[in-house]
Amino acid sequence: MELEKSSKTVDFFLGANSPAGFAGYFNELIHIQNGHRGFVIKGGPGTGKSSLMKKVAQALEGKDECIERIHCSSDPDSLDGVIGKDANASIADGTAPHVIEPDYPGACQTTVNLCEYWDEAALDKNREEIVSLNQKNKALHARCTRYLKAAHALLSDNEAIASECTDFLKIRSFSQKLIHKEIPLRKGSAGKEHKRLLSAVTPQGILLYRDTAAALCDRVYVIKDDFGAVSRGVMANLRDAALAAGYEVYTCYCPLEPLSKVEHLLIPQLSLGFVTANKFIDPKIPTFRTVNFSRFTNVEQLRRKKQRLSFNKKAACELFEEAVRTLKEAKAVHDDLESYYLSAVDFSRVDEKAQEVIAQFIARCGR
């Protein structure tokens, strides 16, 4: 009798609320290399998209080496996507704010259209309420963006102050020693990068999927840096070195700078991780070694700016709290919006479609 294989199920975000609005890496799910198949779900709020993806993830457990659950930053209890390593397939919500349009429909991507299973006449009767709730939800997310933009400006000021007190040559020397010790060259291998977010600002607060780092990495270095100048340099150096050395890496970006600042780096092939800790993110995971920013910083020079640093940090904390409150309000509005669709959808047909999609995923695991 063949034993069922064990699976690692890990959690990420692919997009997040940011100072520039919603930003992320959903294009990571649309590619054509090595026979990958992407399933793109189209449907309204409350039509069963997240439930379908949760069923896919559950079905893959024990059949797929690594399953990634991609969470929604506006509601972390919901899924925006699922990625199966052995299945060489992904499934994602392809609706706003992370619109996905298949580049090679049919050939490389399959559209799962849940719009077929709703009663359009029933929705049309409530069109004014649906439009009003949609507009209110968008306005709340726009307000959240403004709070995050203001918080980011203050924290960027703190990073600029810290940079003036930071020895970047010392950071480079430390990085090179760490790379030499921990990231050996893999001859004949090309690096591969998966862009993700391990943390995000959500209605539940600033959420970090710490268990993901623990699941993929036996040894975790924590870079403790309240201001960001040191961690930015160290993480960028490590990321570049790991890719150049031929490793597959998860580059996890900062939700305040989701297109530029590396916040965490996971290298499963080495079972090695590097995680940033600061005032807003406490990893709380078993740590192999902690590296404190102060070893690269003129602490006395930094102390002279204590009042300004403290003001910026306190104000940023208050802005984050307002952003979270706004997202809670937006989620409540979204829940009201979902109620109109819940009563207009034939979920028996949605369930039939879910079983069809699950069967396609499971079949791919045996290839």
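One line per residue, one yes/no per condition, for (1) over 24 Å from the mean Cα position of the chain (by Cα); (2) touching a residue at least 40 places away in the same chain (Cβ under 8 Å):
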residue: LYS305; (1), (2): yes, yes
residue: LEU319; (1), (2): no, yes
residue: ALA332; (1), (2): no, no
residue: VAL345; (1), (2): yes, yes
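When you scan the stretch 270-282, do you find a residue that is surrounded by fewer than 23 Cβ atoms within 10 Å (Cβ to Cβ), part of a helix (DSSP H, G or I), modelled with pLDDT of 95 or more and not β-branched (Val, Ile, Thr), even just one? Yes, the stretch 270-282 contains at least one residue that is surrounded by fewer than 23 Cβ atoms within 10 Å (Cβ to Cβ), part of a helix (DSSP H, G or I), modelled with pLDDT of 95 or more and not β-branched (Val, Ile, Thr).
Picking from residues in the stretch 168-203 that are in contact with a helix residue (DSSP H, G or I) (Cβ under 8 Å, 6 or more places away or on another chain) and among the small types (Gly, Ala, Ser), the one that is modelled with the lowest pLDDT is GLY191.
Got at least one residue in the stretch 319-339 being out of contact with any helix residue (DSSP H, G or I) (no Cβ under 9 Å at 6 or more places or on another chain), closer than 17 Å to LYS42 by Cα and in a helix (DSSP H, G or I)? Within the stretch 319-339, one or more residues are out of contact with any helix residue (DSSP H, G or I) (no Cβ under 9 Å at 6 or more places or on another chain), closer than 17 Å to LYS42 by Cα and in a helix (DSSP H, G or I). Condition test on GLY81, is it outside any helix (DSSP H, G or I), within 30 Å of GLN135 (Cβ to Cβ) and small (Gly, Ala, Ser)? Judged against the criteria, GLY81 is a match. Taking the stretch 1-60 and the strands (runs of 3 or more DSSP E) fully enclosed by it, the elements with 3 or more residues that are surrounded by 19 or more Cβ atoms within 10 Å (Cβ to Cβ) and in contact (Cβ under 8 Å) with a residue 24 or more places away in the chain are at 8-13, 15-18, 37-42.
Candidates LEU265, LEU272, LEU337: the one that is aliphatic (A, V, I, L, M), in contact (Cβ under 8 Å) with a residue 40 or more places away in the chain and more than 27 Å from SER50 (Cα to Cα) is LEU272.
Looking at the stretch 206-223 only, could you name the residues that are in a loop (DSSP other than H, G, I, E, B) and charged (D, E, K, R)? Listed by number, the list holds a single entry, ASP218. Does the stretch 92-102 contain at least one residue that is assigned by TED's automatic domain parsing to the domain that holds GLU356, at negative phi and not in a loop (DSSP other than H, G, I, E, B)? Checked against the condition, which is being assigned by TED's automatic domain parsing to the domain that holds GLU356, at negative phi and not in a loop (DSSP other than H, G, I, E, B), the stretch 92-102 yields at least one hit. If you go through the stretch 150-205 and keep only what is of a type in the set (Ser, Thr, Tyr) and part of a loop (DSSP other than H, G, I, E, B), you end up with just SER189. Among the numbered conditions (1) loosely packed, with under 13 Cβ neighbours inside 10 Å; (2) in contact (Cβ under 8 Å) with a residue 12 or more places away in the chain; (3) closer than 30 Å to LYS42 by Cβ, the only one that GLY94 does not meet is (1).
The values are calculated or read from the model by the stated rules, or taken from the named source; none is laboratory data. Note that the structure is a prediction, hence the values are computed from the model and not measured. Quick reminder, even Gly has a Cβ in these numbers, built from the backbone with ideal geometry, and neighbours come from all protein chains shown.
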